[in-house]
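What follows is a set of notes on a single structure, which appears directly below.
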Amino acid sequence: MGEPLSLPAAISQLLVQVFGDDREAVMGYAVAQGHGVEIADFISPARLDNPAECAELVSWYRERLPEVRGLVSFHGAFWNLLPGASDARMLSATRDRANQSLDLAEAVGAACVVFHLGFDWLSLDPGYAASWAQREGAFWRSVMEGRSLPLVLENTREPRPQVVEAVVQAIGVHSTGICFDAGHAYLRSLPLGPQAAHLQGATPLEWINYLGKRIGYLHLSDNDRSYDQHLPLGRGTVGWPALLAALAGAGVRAPAVMEVEGFEGARVTEEYLRSLGGEAT
């Protein structure tokens, strides 16, 4: 048998997202393949409100993570959270969840933590994006003060890369990175017609061309533009060959999380990526 195919040049290492009932099988796959892991078991509000369950999972990860040879990252809570809120009570609740996520990430020994931004992409106020970016920056500066974990911010509903860049600049901390989720950008760039042209988002290629090497982390999943399906790569219509080539052409070489369902989704995605990577040297 020949050597396995290499990964596309833009990917420095693969990570498997671990969560849910399939976590044992997915962790075993990550260890066997020599991949890193992104822990996504602590995004559920119900779990976060169950200290005993959280403690049990922390113990499980602390026992299993020494086997992992790649990067260990942690996905922070995001459901219904608004780090750029102007409402002080909403901001307080979001701060509590963010701090809880950071405490858990430190408890399991993660190397970085990924958070969503929570942009209100339906806002018609022309001044919203600028004021929102300043509020986001102030929030993350406050939350990360005294923390040593690097912060990685992921595009979700943000329509343009300039919006994410403005938040990173407002935070003003060199350890803040950008996670590019092409599937999210693909959904946001769905043509909306002339009546909603103001809501039109940049295409994934426009995100890559603008951000370039500032992209330091990748989330990989496919969709058919109906919703954020988290399909294995090649099962949707995102157009990965062109995107991965653009990332490499922009000088990106970053850890890439296979943000797909379970062991089988990770296996199919890795097989697809290696089919695009060419023969290993």
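Observations
- For region 11-41, residues that are farther than 13 Å from Thr269 by Cβ, in contact with a His (Cβ under 9 Å, 6 or more places away or on another chain) and surrounded by fewer than 23 Cβ atoms within 10 Å (Cβ to Cβ) total 4.
- Residues that are without any contact (Cβ under 8 Å) to a residue 60 or more places away in the chain and within 21 Å of Ala85 (Cβ to Cβ) number at least 2 in the following helices (runs of 4 or more DSSP H) confined to region 128-230: 128-144, 161-171.
- Test: residue in region 67-88 that is surrounded by fewer than 19 Cβ atoms within 10 Å (Cβ to Cβ), over 21 Å from Thr156 (Cα atoms) and polar (S, T, N, Q): no
- Qualifying residue in region 54-63 (condition: touching a residue at least 12 places away in the same chain (Cβ under 8 Å), assigned to a helix (DSSP H, G or I) and closer than 22 Å to Pro255 by Cα): yes
- Test: Leu102 is outside any helix (DSSP H, G or I), in contact (Cβ under 8 Å) with a residue 24 or more places away in the chain and either of a type in the set (Val, Ile, Thr) or out of contact with any Pro (no Cβ under 7 Å at 6 or more places or on another chain) (or both): no
Per-residue answers, yes or no, for (1) under 27 Å from Ala111 (Cβ atoms); (2) out of contact with any His (no Cβ under 9 Å at 6 or more places or on another chain); (3) among the aromatic types (Phe, Trp, Tyr):
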| position | (1), (2), (3) |
| --- | --- |
| Leu231 | no, yes, no |
| Gly234 | no, yes, no |
| Gly239 | no, yes, no |
| Ala242 | no, yes, no |
| Gly251 | yes, yes, no |
| Ala256 | yes, no, no |
| Phe263 | yes, yes, yes |
| Ala266 | yes, no, no |
| Glu271 | yes, yes, no |
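- Selection count, region 231-250, where residues are part of a helix (DSSP H, G or I) and in contact with a Leu (Cβ under 8 Å, 6 or more places away or on another chain): 7
- Of note, Asp125 does not satisfy the criterion of being in contact with a Phe, Trp or Tyr (Cβ under 8 Å, 6 or more places away or on another chain), surrounded by fewer than 20 Cβ atoms within 10 Å (Cβ to Cβ) and not in a helix (DSSP H, G or I).
- Screening Ala46 against (1) touching a residue at least 24 places away in the same chain (Cβ under 8 Å); (2) surrounded by fewer than 20 Cβ atoms within 10 Å (Cβ to Cβ); (3) part of a helix (DSSP H, G or I) leaves a single unmet condition, (1).
- Within region 16-41, tally of residues that are in a helix (DSSP H, G or I), in contact with a strand residue (DSSP E or B) (Cβ under 7 Å, 6 or more places away or on another chain) and under 17 Å from Pro232 (Cβ atoms): 3
Computed from the coordinates by the stated procedures, all read-outs in this text should not be read as laboratory data. Treat the numbers as computed from the prediction; the structure is a model and nothing was measured. Backbone-built Cβ (ideal geometry, glycine too); neighbour counts: all protein chains shown.
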